[in-house]
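The values are calculated or read from the model by the stated rules, or taken from the named source; none is laboratory data. Please read all numbers here as calculations on a predicted model, not as lab measurements. Every residue, glycine among them, receives a Cβ derived from its backbone with ideal geometry; neighbour counts consider all protein chains shown. We work out accessible area using only protein heavy atoms, side chains counted, and drop any ligands, DNA or RNA first. Shrake-Rupley method; radii C 1.70, N 1.55, O 1.52, S 1.80 Å.
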Amino acid sequence: MPDRGEFQADGLPDFMRALSNQTGSGAAHPSSGTARDGDLTYGHRMLGRIGRMAEGGSWELDLESGQMLWSPEVRCLHEVPPDYQPDLAQSLAFFAPSDRSALETALNHAIREGRSWDLECQIVTATGRPIWIQCTGEPEFRSGACVRLQGWCRVITERKEAELRARESTERMELALRAANIGVWDWNVTSDQTIWTDRMYEMYEWEPGSEVSYDRFRSRVHPDDLAEHEVEVAAALASGSVLKTSFRIVLDDGSIRYVANHAEVQRDAQGIAVRVVGMEFDVTARKLAEQAAQRSLAEAEAARQTLAEEMIRAEAANRAKGDFLAVMSHEIRTPLHGVLGMARLLSSTRLSRGQSQMLSTLMHSGECLLGLINDILDFSKVEAGKLDLTQTAFDLRAVLRSIVELMEPKALEQGLELVLVADPDLPAACWGDPNRVRQIVLNLVSNAIKFTAKGRVTIEAAHAGQGPMPLTRISVTDTGPGIPAAQIGCLFERFTQLDNSGGRRHGGTGLGLAIVLRLAQRMGGDVFVHSEVGAGACFTVLLPLPKAAEPLPAAETAPAPAPRRFDGMPVLLVDDHPVNRLVGKKMLERLGCAVDLASTGREALESIESSDYRVVFMDCNMPEMDGYEATIALREREASTDGQHLPVVALTASAFKGDRDRCLAVGMDAFVTKPFSLEDLQRTLAMWSSPQPEEELSPTP
C-alpha cells in the first residue's frame with residue numbers, strides 16, 4: 001500500500017491552502033459569479049447520481065471547510081471500507097507520484113484560473129492493487145473565489161492495459177525488425193516516390209535520407225537478375241497482390257549482396273496498383289552457405305509455420321490444463337479414498353497393539369499423500385487464478401493456537417519447544433480468510449520443525465502499522481541451521497528445495513513456500529525472509545487483516561455432541577468404482593443406514609423409480625450415464641410428475657470450485673470431496689434427518 005504520510009489538520013495540503021487563500025482574497029476570475037446556495041451533501045448526492053449514470057463515481061471538496069466527500073462508487077474503486085472518509089491529502093496519496101504531481105498542477109490551475117480537468121491517472125488502492133482511472137474535475141467560484149471542486153472518476157484499467165499491450169506489440173515488432181536486419185520500404189507507384197528505412201540505405205550503401213526512385217533502385221540490381229525481377233514486378237502490379245523476389249545487388253565497390261523481398265500490392269477502387277509496401281532481407285550469408293536464396297526463404301517460411309503450429313499446440317495445452325488437473329485429482333483421489341476409507345473403518349475395530357501401530361502408519365502415509373496432492377492442486381489453482389478466497393470474521397489467536405496444538409506433538413517428538421507469542425493488542429476478531437491464514441502459517445511452522453534439530457520454533461503475531469488497511473505481521477522463527485544468502489532468492493520458486501541431493505534427509509515437493517508466497521500475494525500481502533547460517537531463519541508474512549466490524553459470537557462451552565446414528569435411513573449409493581462402493585457402503589452402514597448400491601446413473605434412476613430413498617449419494621464421473629446427467633433426468637422427472645424433491649449429494653474426487661458450481665447447477669443439493677470421512681457423511685446426512693444420539697459408536701468386532 002502507498003505511504004499515506006502525515007496530513008494537515010484541516011485536510012488541505014499547504015499548496016492548496018495557499019491557493020485557496022489567494023483566490024479568497026478577491027482575485028478576479030473570468031468565470032466568477034454567484035453560485036447556487038445549497039449544502040455540500042445535496043450537491044454530492046446529485047453528483048453521485050451523475051456518476052452512477054456514467055458508470056463511475058463522484059467526489060466533491062469544499063475548500064472553505066476542507067471537507068472531502070466520496071460517493072460509494074469512488075470508495076469501491078479505491079477498495080476502502082464503506083465508512084472511509086478521506087481528506088484531500090489522503091485522496092492524493094492514492095495516486096502514483098508522477099500522476100499526483102499532474103493532478104496537483106490541475107488543481108492549481110482550477111483554483112487560480114478556473115480550468116476544469118480530465119486526466120487519466122494510476123492509483124494504488126487500499127489493498128495495494130494498481131489500477132487506472134479517469135479523473136475529471138471543475139471548480140466552482142463564488143464572489144471571485146474558488147470555494148468548491150467537484151468531479152467524477154471511473155476505472156479505465158482494461159482500456160489502458162489494452163493500449164499498453166498494443167504499444168508493447170509495436171515496440172516488439174520494431175525491435176524484431178532491427179534485430180533481424182530487415183529493411184522496410186514503401187513505393188508510391190503513381191508518383192514514383194519511395195520511402196526507405198535506415199536499414200535499406202545500409203544494405204544499398206547509400207546516404208540515409210537521400211532520394212530513391214525506381215530507376216535509381218534498378219541501377220543497383222545485378223544485370224543478370226534485372227529482367228526477371230522486372231517481369232515479377234510487372235506481373236504483381238498487373239494482377240497480383242503479393243510480390244516475392246530474390247535478386248543480387250551490385251555495390252559501388254563491385255561487391256555483390258543477395259537480397260530477398262516480400263511485399264504487398266495495394267490497389268485503388270478501379271483495381272490499379274498504386275502502392276507497394278514490403279520488407280527486404282540481406283540474405284547474403286545464407287545464400288552463400290546454402291547456395292539458394294529460394295531455399296532459404298522456404299526454410300524461413302517453414303520455421304514461421306512451425307512456430308504458428310507450436311503456438312496453437314501451446315494454447316491447446318493451456319486450455320487442457322484445467323481438464324488435466326481435474327482428471328489427475330479424480331484418478332489419484334479415487335484409490336486414495338479406498339485406502340484411507342478402509343483404514344478409518346479398520347480403526348473402529350478391535351485391534352492388537354501391533355495392528356494398531358501398523359494401521360496408524362498406513363493412515364499417516366495416506367494422509368501425507370493426500371497432503372501432497374492438495375499441495376499440487378493448490379499450487380495449480382493459484383497459478384491458474386482459480387483459487388477463491390473467503391472473507392469472514394475470525395479469531396486470529398484461535399487459529400494460531402490450533403496450529404500449535406496440531407504441531408506440538410511433532411515438535412516434542414524432535415525435542416523442540418513450540419512457542420506462540422501473540423500481541424495482546426491484536427483485535428479479537430479479524431476480517432479475512434482464516435483457512436488460508438492457517439494454511440500459510442501451518443506450512444511455515446511445518447518447515448521450521450522439519451529443518452530444526454534442536455532448540456525452539458516461535459510463532460509471533462502483532463500489528464505492522466496503521467493505515468486505511470492495517471497490516472498484521474506473523475513471523476515464524478527457528479533455531480535451525482539457517483539459509484545461505486545465495487540461496488534465499490530461490491526459496492519461493494516452485495519445486496525448489498535447499499537440499500537437492502539424492503540422499504536428502506527431508507522429503508517434500510518443494511511447493512510449500514511457493515504456495516505460501518502466492519497465497520500471501522493473492523490476499524494482498526507478502527512474505528520476507530531473514531536468515532544467517534548457523535543462527536536460524538525467520539519467515540515473516542504481512543497480511544491485510546483489518547478488525548472485523550462485528551465481534552465474534554461467544555464461544556460455545558457445551559461438550560461436543562454425542563456421535564449420531566441414522567438407524568434404518570434408506571439411502572442409495574451410486575459409484576462405478578467397486579472399492580468406492582464398498583468403502584461408502586461400510587461407512588454408511590456404520591452410521592446405521594440401509595444402503596442400496598448402483599454403478600451407473602441409469603441404474604440409479606431405475607432404483608429411485610422402484611424404491612423410496614431419503615438421500616442419494618451420487619458419483620459425478622461414471623460410464624454410460626454420469627451423475628450430472630442422472631441428476632438432470634431425476635429433476636426433470638420430479639418436475640413432470642410433481643414428485644417430492646429427493647436430496648442428491650455429489651461425490652467427486654475433483655477439488656475445484658468449478659466442479660462444485662457445476663454440481664449445484666444441475667440440481668444437486670450438497671457436495672462431498674473424496675476421500676471423505678465418517679464425520680463428513682454424518683454431517684451431510686444430518687441435513688435431511690433428525691438422528692438419535694447414541695452414547696458411543698462402539699468398535700466393530
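With an 8 Å Cα cut-off and a minimum separation of 6 or more residues, compute the relative contact order for region 445-490 in percent. Before the final figure, lay out the partial values.
Details: 57 pairs, mean separation 18.0, N = 46.
Normalised by residue count, the contact order of region 445-490 is 39 percent.
In terms of solvent-accessible area of protein heavy atoms at a 1.4 angstrom probe, what is the ranking of TRP688, TRP431, TRP59, highest value first? Write out the running numbers ahead of the final one.
Details: TRP688 65, TRP431 110, TRP59 20 Å².
Greatest to least solvent exposure: TRP431, TRP688, TRP59.
A straight line joining the Cα centroids of region 55-74 and region 187-201 runs 56 Å. Using the Cβ-Cβ distance between SER360 and SER611 with R0 set to 35 Å, the FRET efficiency from 1/(1 + (r/R0)^6) comes to roughly 0.35.
Extension gain for ILE488 to LYS244 (0.36 nm times residue separation, less C-alpha to C-alpha distance): 82.4 nm.
Restriction of the trypsin sites (Lys or Arg not before Pro) in region 206-279 to DSSP coil positions whose beta-carbon has at most 14 other beta-carbons within 10 angstrom yields no sites.
In a DSSP loop and with at most 15 other Cβ atoms within 10 Å, the trypsin sites (Lys or Arg not before Pro) in region 409-485 are LYS454.
Region 626-645 and region 263-285 have their alpha-carbon centroids 65 Å apart. Judged by the mean number of other Cβ atoms found within 10 Å, the most tightly packed of the peptides 225-238, 298-311, 93-106 leads the ranking 93-106, 225-238, 298-311.
Any chance you could run the full-extension gain for GLU138 through LYS450? It's 0.36 nm times the residue separation minus the Cα-Cα distance, nm to one decimal.
Working: separation 312, 0.36 × 312 = 112.32 nm, distance 6.17 nm.
Result: 106.2 nm gained on full extension.
Spin-label model, GLU161/GLU264: points 7 Å from Cα along the beta carbon direction are separated by 2.9 nm.
What are the GluC sites (Glu not before Pro) within region 185-217 that DSSP puts in a loop, where the Cβ has at most 16 other Cβ atoms within 10 Å? Before the final figure, lay out each step's value.
Working: sites: GLU202, GLU205, GLU211; in loops: GLU205, GLU211.
Here the GluC sites (Glu not before Pro) that fit, given the DSSP loop and packing criteria, are GLU205, GLU211.
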